[in-house]
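The values are calculated or read from the model by the stated rules, or taken from the named source; none is laboratory data. Everything quoted here is computed from the prediction, not taken from an experiment. Note that each Cβ is placed from the backbone with ideal geometry, even for glycine, and that neighbours are counted across all protein chains shown.
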């Protein structure tokens with residue numbers, strides 16, 4: 001069973017700016033990877049990594065290598081759900097050989113973190129940004145601390161809403177059971193799927209990302 005712990009980040013103006021810059025860069029990175037994955041019909045993480053990693057390092061020289069790996073993971077994760085899930089309207093198994101839709105990552109796309117880009121010791125949090133690490137002192141309850149010590153941490157997401165930034169920590173409590181039906185909370189948010197890329201109706205800002 002998967003459970004989630006959300007922690008709001010109390011940011012000062014400089015930290016807020018750095019997190020916004022990180023998210024904007026991450027979205028641009030995902031949108032640079034997405035057309036390559038589509039053109040090659042590839043959303044296998046290892047194969048796509050070999051296909052795009054060095055190109056992304058050249059295109060985004062200020063981005064750390066691990067964050068590029070995380071963006072590749074984000075693209076593959078989204079593509080697997082949209083293009084492989086049997087209940088998806090764009091399932092390649094249901095319509096093999098058809099033209100794939102454009103998949104665009106929108107500005108609120110969450111940023112994936114891992115143990116290389118985020119570190120938590122006690123209540124002290126250190127996380128990667130484009131301009132070095134930033135640190136936060138978190139207010140963790142005894143139950144929160146227990147979960148970090150006893151439960152398996154699966155994913156860490158930096159999310160941005162009307163209030164500001166926060167972190168979603170997703171834990172595995174017991175065996176990870178993957179449900180077959182496409183549940184609402186499994187469908188990726190902040191993603192634009194454009195079925196027909198030849199219509200000319202794609203907004204310019206989106207077209208630039210393709």
Per the filter on the range 94-119, residues surrounded by fewer than 17 Cβ atoms within 10 Å (Cβ to Cβ), in contact with a helix residue (DSSP H, G or I) (Cβ under 7 Å, 6 or more places away or on another chain) and either free of Cβ contacts under 8 Å to residues at least 60 places away in the same chain or part of a helix (DSSP H, G or I) (or both) are 114, 116
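Quick grid of which residues meet (1) farther than 22 Å from residue 103 by Cα; (2) in contact with a strand residue (DSSP E or B) (Cβ under 6 Å, 6 or more places away or on another chain); (3) buried (at least 18 other Cβ atoms within 10 Å of the Cβ):
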| position | (1), (2), (3) |
| --- | --- |
| 10 | yes, no, no |
| 14 | yes, no, no |
| 23 | no, yes, yes |
| 26 | no, yes, yes |
| 30 | no, yes, yes |
| 46 | no, no, no |
| 58 | yes, no, no |
| 65 | yes, no, no |
Let me spell it out: the conditions are (1) under 25 Å from residue 166 (Cβ atoms); (2) modelled with pLDDT under 95; (3) in a helix (DSSP H, G or I), and residue 4 meets all of them except one. Which number is the exception? (3)
Inter-residue pairs, beta-carbon under 8 Å, first outside any helix (DSSP H, G or I) and in the range 44-62, second at pLDDT 95 or above, 6+ apart: 44/76; 60/25; 60/28; 60/29; 60/32; 60/68; 62/25; 62/130
Where residue 78 falls short, out of the listed (1) surrounded by 15 or more Cβ atoms within 10 Å (Cβ to Cβ); (2) touching a strand residue (DSSP E or B) at 6+ places or on another chain (Cβ under 9 Å); (3) in a loop (DSSP other than H, G, I, E, B): (3)
Which ones in the range 120-169 are at pLDDT below 95, surrounded by 13 or more Cβ atoms within 10 Å (Cβ to Cβ), in a strand (DSSP E or B) and more than 19 Å from the chain's Cα centre (by Cα)? 120
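Report yes if residue 86 is under 29 Å from residue 127 (Cβ atoms) and in a loop (DSSP other than H, G, I, E, B), otherwise no. Steps first, answer last, please.
Details: under 29 Å from residue 127 (Cβ atoms): no; in a loop (DSSP other than H, G, I, E, B): yes.
It is false that residue 86 is under 29 Å from residue 127 (Cβ atoms) and in a loop (DSSP other than H, G, I, E, B).
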